[in-house]
1. Structure shown: which of K172/K208; K174/K304; K163/K225; K174/K203; K4/K75; K161/K189 lie over 24 Å apart, alpha-carbon to alpha-carbon?
2. Looking at the stretch 175-231, I'd like the Rg to Rh ratio, where Rg is from alpha-carbon atoms and Rh is Kirkwood's inverse mean 1/r.
3. Rounded to the nearest 0.05, what FRET efficiency do D209 and K174 have when you use their Cβ-Cβ distance and R0 = 25 Å?
4. If packing is taken as the average count of other Cβ atoms within 10 Å, what order do 227-234, 247-254, 273-280, 195-202 fall into, highest mean first?
5. On the first, second and third principal axes, largest extent first, how far apart are the outermost C-alpha atoms of the stretch 153-295 in Å?
6. Put +1 on the Cβ of every Lys and Arg and -1 on every Asp and Glu Cβ in the stretch 153-295; which of L251, G290, L194 then has its Cα farthest towards the positive end of the dipole?
7. Using only alpha carbons, build the gyration tensor for the stretch 228-310 and give me the equivalent ellipsoid semi-axes, biggest first, whole Å.
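None of the figures in this text is laboratory data; all of them are computed from the coordinates on show. Keep in mind it's a predicted model, so treat the numbers as computed, not measured. Using ideal geometry, Cβ is built from the backbone for each residue, glycine included, and neighbour counts are taken over all protein chains shown.
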Amino acid sequence: MQPKLKSKVRCADQEVGDVTKIIMDPLTREISHLVVSLNGAGERQVAIGLVQAVTDEVVQLRSSASEVSALPPFKRDEYVTLHEVEIPHIEDHLHVSPGEVLVPFPELEKSVKRRTFFANLTHVIGLFIGLPLAFPVLKYLMKPMYAPFDNGWLKIGNIGKIKADDAGTQFKFKRKVKEAYLPEAEIEKNVWILKATPAVLEKVYQGKDMEFRDGTGKTIWTNKKDVPYIAFSGKCPHLGCGFKWRQHKVLGQVFLCPCHLSIYDAAGTVLDGPAPRPLDPLPIQVSASGEVQIIDMEFKAGTKSQTRIV
Ligand code: FES
């Protein structure tokens, strides 16, 4: 008779627990061990050779209780259930009640685990060897992402060009740009300059000087609220199109963006259209001789808040 799961296990001197699992030898397809739970003192793996007799209810062992408890604890992770392995007809000779019947963890799987471990180890070693070599390349590739903004002043013309107060006047200028890994190129850009009356100045500055900061938060320039010259970036904050100073039938003179018809007043305030924020003022200074200089900045289009990108 084969031992049954849940059978009581009795030693030569006393009862020690019950059978919780049965281990099969996948080659002989016979039971090789019983796993005995020692009344709350852990599980022990008992070789079938120690079984003296088996009845319906009891498995009688030849050993004493102290010998059984001295056996090494059962290591569940060295076994898999019959359902986890596909060994044909393995249960044919097994007549135990349904329950946890185990076979040793297949050697092949163990070596796969070992192979995976060594493969991972090789990757880690490769990473340590390769990192110092790859670092300069990565640094070069990532450099444009972390390059500081160019905060140099650009001369763009003379205020003599401005013919009226609160009227947008376009100033074109050329700027050298370096796009990521491409060679440096010169591009044409433009800004709009106004000689603003106090009412427009108040609308733009709202009684406060306007500070401009670099990427680290350090102030690079402050537009004074009572200096009448205002510069607006030439890109519409909606999606970055160029806009014009135009006569509107109802609103009078306005900045008009032809792309999606955003309309701004002389202070850059949005009067109509999809623009999410007012025009972007830029740092400006005007010399005693009337030369206008700006710091060229660009901001992310389509957002309510102003985020510098150039
Ligand atoms: S880009 Fe100016 S309104 Fe859309």
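1. Numbers: K172/K208 28 Å; K174/K304 28 Å; K163/K225 22 Å; K174/K203 30 Å; K4/K75 20 Å; K161/K189 17 Å.
Long pairs (Cα-Cα over 24 Å): K172/K208; K174/K304; K174/K203.
2. On the way: Rg = 15.8 Å, Rh = 13.9 Å.
Ratio value, two decimals: 1.14.
3. Values: r = 30 Å, r/R0 = 1.19.
Approximately 0.25, to the nearest 0.05.
4. Values: 227-234: 21.1, 247-254: 11.9, 273-280: 18.9, 195-202: 15.8.
Most protected by this proxy first, the peptides run 227-234, 273-280, 195-202, 247-254.
5. The principal-axis extents, from largest down, are 47, 35, 31 Å.
6. It is G290.
7. Numbers: eigenvalues 97, 60, 17 Å².
Semi-axes (√(5λ), whole Å): 22, 17, 9.
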